Amino acid sequence: MCPDVEILSSYYDDELEDSQKQLVKTHVDSCPHCQKKMAELGLISASIHAEEEPDFQMAQMNTWNKIMDIVDQKEHKLPKVNFWQRRFQISFPAAAALVAAFVAVLSFSVITFYMGKHTTSSPSSPELNMTDASGAMMDDMFDDNAIKFDIPAINTIINAEEPLLIREVDFMNRDGKH
Amino acid sequence: MDDKAKKDYFERLYKEIFPVVIKVSYHVTKDLDAAQDVCQEAFIKLYNRLESFPGVEDAKFWLIRVVKNLSFNYLEHEKVKLRAFDKIKHNPSFTDDTGEKQLLKKDAVEKVNQALEQLPENLKAPLILREFGGLNYKEIGAALDISESNVKIRIFRAREALGKLLPVGEVYVP
């Protein structure tokens, strides 16, 4: 009885135990059917190896060099630096924009502060509004020698002691006719 | 293990294992550049965890498994690309033979490659490790983390499938 092809495959790979191998060998030597099966296994293996192989030795050398480059690079990399010790690079336009923004914010803060101070410094004139304050500030800031116009303040309230609203009922009779 | 000893040990492993894994990777990917990249990645992984392997054999089988997995992953990505771009695969050139013999050989190689491509990974991997890696069933089992009897069955099934895909007499064998 012929052995299973699975056994023949293992026999072909020389993977059978010695006792089993001897039995299979004796059978195959005298069995044309199993000899054909063995030949087929040989042909499959030969066809797999039909392709010419590239130069693996060169590949071995090249790959080794690449691996060593990576390994050396990893081992010689700079020590870890803390966040506050790191150096940052910033482009000139970005730096200029940052400085300009800082100056603008600073100027705005100074102006706002100055305006606030001027307003609170004259508590005796509660009528002074923002326009007056900024006008005074502009005078101080720009030109002390410029011609100043004193605009008289209107602080007289004209009271005619008469009702401003003349009610319609005053023009009507008691029966409701004009 | 100091740096010098580590590098010496790594070099020893490289010289021993590289000839096996490059063949395995090449015959899976069919692309030498890709096979080199796969091996490079696997060996760097090995270097980074070299101390965790108790012996040469452990490192060897672990590396073979990594290379096998990376190679099949590459192949999967390539298949997707091929479907998308209908790319022509690299075919090795034959410079020694001429004329009809060359054509027959080229045709045979194409047929074998096509047949191998149709094998599922669980059959193709042990067959390639056997045929090109030169590993025995026990080593293949250790590399693929399967039993020896399972290796025997898978190799037999791979050959059986190839026998059906490559009818004897139709394929030129040099």
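Points worth noting:
- Of the complete DSSP H runs in chain B, none spans 27 angstrom or more by Cα along the long axis with a mean Kyte-Doolittle score not below 1.0.
- Anisotropy class assigned to the range A:5-48 is oblate, per the alpha carbon gyration tensor with a/c at or over the 1.5 cut-off and a/b no larger than b/c.
- Pairs beyond 31 Å (Cα-Cα), from B:K30/B:K152; A:K36/B:K81; A:K74/B:K79: A:K36/B:K81; A:K74/B:K79
- Buried solvent-accessible surface, both chains (A, B), 1.4 Å probe, Å² to nearest 100: 3900
- Quotient of C-alpha Rg and 2.2 N^0.38 Å, computed over the range B:1-90: 1.23
- Taking the empirical scaling 2.2 N^0.38 Å for compact globular proteins as reference, chain B has a Cα radius of gyration ratio of 1.15.
- Computed from label points 7 Å out along Cα-Cβ, the spacing between B:E16 and B:M1 is 1.1 nm.
- Placing unit charges on the Cβ atoms only, positive for Lys and Arg and negative for Asp and Glu, gives chain B a dipole magnitude near 340 debye about its Cα centre.
- Dividing the helix sum by the residues of chain B, where each DSSP H run of 4 or more adds -39500 (n - 2.57), gives a mean residue ellipticity at 222 nm of -25500 deg cm²/dmol.
The values are calculated or read from the model by the stated rules, or taken from the named source; none is laboratory data. Note that the coordinates shown come from a computational prediction; the quantities given were computed from them, not determined experimentally. Reconstructed Cβ throughout: ideal geometry from the backbone, glycine too, with neighbour counts over all protein chains shown. Heads up: the accessible areas ignore ligands, DNA and RNA and are worked out on the full protein's heavy atoms, side chains in. Shrake-Rupley method; radii C 1.70, N 1.55, O 1.52, S 1.80 Å.
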